[in-house]
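Throughout, read-outs are computed from the coordinates displayed, never taken from laboratory work. The shown structure was predicted, so the numbers you read here are calculated from the model rather than taken from an experiment. Here Cβ is always computed from backbone atoms with ideal geometry, including for glycine, and neighbour counts include all displayed protein chains.
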Amino acid sequence: MKATEQLPLSTNISRSAIIAEFGDSVEFDISLARLTSFRTGGPAKYFLVVKTLDNVARAISSAQRLELPCFIVGGGSNLLISDAGYDGLIIKIEIAGLELIDETVIECGAGESLMSVVKFSESESLTGLEFAAGIWGTIGGAVYGNAGAFGNEIGDVVHELELVNSNGNIKTVDGNYCRFAYRDSYLKTTKEVIATVRIKLHKGKRDEIQKKITDILDVRRDKHPDKLTAGCFFKNIPDSSQPHGKLSAGYLLEEVGAKELSVGGAKVFEKHANMIINAGDATSHDIHQLAALMKEQVKKKFNIELEEEITRIGYF
Ligand SMILES: Cc1cc2nc3c(=O)[nH]c(=O)nc-3n(C[C@H](O)[C@H](O)[C@H](O)COP(=O)(O)OP(=O)(O)OC[C@H]3O[C@@H](n4cnc5c(N)ncnc54)[C@H](O)[C@@H]3O)c2cc1C
């Protein structure tokens with residue numbers, strides 16, 4: 001068994017102690033499958049939705065006091081949750097709010113969908129975020145994993161963040177703090193929670209921005225599944241001789257015939273070899289096994305070890 005994102009422990013804290021710390025809105029044994037774009041995974045022992053910065057800080061310090069492991073979920077579009085679920089507290093970030101706070105700076109609650117931020121920037125005639133059109137999930141999740149497409153990344157436009165650290169303290173940092181790299185940020189190391197994102201764009205022409213967004217959405221509609229998926233499962237491989245400095249994991253997977261592979265209800269998408277879909281009745285274990293098979297084939301043919309882009313929760 002491989003542990004990811006969770007220590008082996010069993011949390012036996014009484015219901016009343018949990019409610020005393022987190023309030024009445026805490027829920028117990030909540031299915032996490034409905035929160036993920038794969039629609040797989042078991043229950044969370046404790047589950048809390050937070051809608052304000054202060055509530056995030058309070059929840060994190062309460063979890064710290066009870067020594068309760070906790071995990072943050074945004075839009076759930078890049079997650080593989082174990083069928084056994086999560087033996088701790090899942091905090092779902094639903095902090096809303098979109099506001100122009102300077103001529104070119106938008107302040108976003110971390111729970112806003114990335115697409116709503118794209119639309120807001122378009123309505124304010126601000127350019128620089130069009131590339132993100134059609135990327136699922138929240139702006140908080142996008143910053144955490146430095147989501148990107150078409151050679152651009154969210155890290156390029158992050159101006160400031162409001163974060164909550166593991167003690168529940170709030171701080172404001174600038175974009176450089178995040179040390180953005182390909183699908184990576186320093187926040188993956190610090191495990192700080194993103195509550196507010198301020199992005200800095202440029203003044204542009206609304207009709208041109210609109211056209212770019214429409215073109216990108218058309219490309220995505222053509223290439224991406226309208227089925228249950230978490231997007232690209234594996235990261236591309238750094239290679240300076242390739243466009244955008246990356247060798248496409250999709251290309252390698254295509255070359256090993258991955259599009260023909262399936263395990264249980266999990267299948268490789270027929271139009272994109274780096275995407276796994278839940279064809280209806282997949283479990284997280286099916287997806288886990290299929291991913292292992294894909295990795296094995298690439299290792300065998302190219303001697304390249306694919307690294308996962310998605311985040312796993314629990315034991316596999
Ligand atoms: C059809 C499809 C297409 C996709 N295309 C792309 C693409 O082109 N480019 C790309 O980069 N990705 C793509 N993705 C993957 C996914 O949409 C992104 O990774 C997205 O940014 C994840 O955001 P989320 O809110 O869903 O995060 P989640 O899946 O909820 O979480 C992912 C990670 O972020 C952390 N996290 C989430 N919110 C916060 C927060 N507020 N503070 C701290 N940590 C947080 C979680 O703890 C977890 O470790 C695609 C997914 C799908 C389904």
Margin query: What is the sum of charges, Lys and Arg at +1 and Asp and Glu at -1, for the other residues whose Cβ falls under 11 Å from the Cβ of residue 39?
Written below: +1
Next item on the list: Step through the residues of region 106-112 one at a time and calculate ³J(HN,Hα) from phi using the Karplus curve (6.51 cos²θ - 1.76 cosθ + 1.60, θ = phi - 60°), rounding each to whole Hz and writing x for Gly and Pro.
Entry: 9, 9, 10, x, 5, x, 5
Notebook entry, point to check: Can you give the extra length, in nm with one decimal, that the chain gains between residue 270 and residue 173 once fully stretched, where that is 0.36 nm per residue apart less the Cα-Cα distance?
Noted result: 30.7 nm
Item checked: Exposed trypsin sites (Lys or Arg not before Pro) absent: longest stretch of the chain, with sites in DSSP loops and at most 12 other Cβ within 10 Å deemed exposed -> 3-204
Next item on the list: Determine the relative contact order of the chain: mean sequence separation of Cα pairs under 8 Å and six or more apart, normalised by residue count, in whole percent.
Entry: 19 percent
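Nearest 20 debye, what's the magnitude of the dipole of the chain about its Cα centre given +1 on Lys and Arg Cβ and -1 on Asp and Glu Cβ?
480 debye
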Checklist line | Cα convex hull of the chain - mean projected area over all directions, nm² | finding: 16.1 nm²
Checklist line | For region 3-93, convex hull volume per residue from C-alpha positions, Å³ | finding: 90 Å³
Margin query: At 0.36 nm per residue, and after removing the present C-alpha to C-alpha distance, how many nm does the segment from residue 302 to residue 218 gain when stretched out fully?
Written below: 27.0 nm
Checklist line | Square roots of 5 times each gyration tensor eigenvalue, C-alpha, region 98-208, largest first, Å | finding: 23, 15, 11
Next item on the list: Nearest 5 is fine: what % of DSSP beta bridges in the chain come out antiparallel, could you say?
Entry: 75 percent
Notebook entry, point to check: Under a 5 Å amide H to amide H cut-off, with H placed in plane at 1.01 Å, what residues pair with residue 80 once short-range neighbours are removed?
Noted result: 311, 312, 313
Notebook entry, point to check: Hey, in the GNM for the chain with a 10 angstrom Cα cutoff, which one of 231, 85, 204 fluctuates hardest?
Noted result: 204
Notebook entry, point to check: Can you give the convex hull volume per residue for the Cα atoms of region 241-316, as a whole number of Å³?
Noted result: 101 Å³
Notebook entry, point to check: How are the Cα pair distances of region 198-295 distributed, in percent, across 5 Å bins from 0?
Noted result: 2, 12, 17, 18, 15, 13, 10, 7, 4, 1
Checklist line | Relative contact order (%) - region 204-290, alpha-carbon pairs under 8 angstrom, separation at least six | finding: 25 percent
Check: Can you give the relative contact order of region 87-149 as a percent, counting alpha carbon pairs under 8 Å and 6+ residues apart?
Finding: 29 percent
Next item on the list: Report, in cubic angstrom per residue, the convex hull volume of the C-alpha atoms of region 159-254.
Entry: 176 Å³
Next item on the list: In nm, give the distance between the simple-model label positions of residue 227 and residue 241, each being 7 Å from the Cα along the Cα-to-Cβ direction.
Entry: 3.5 nm
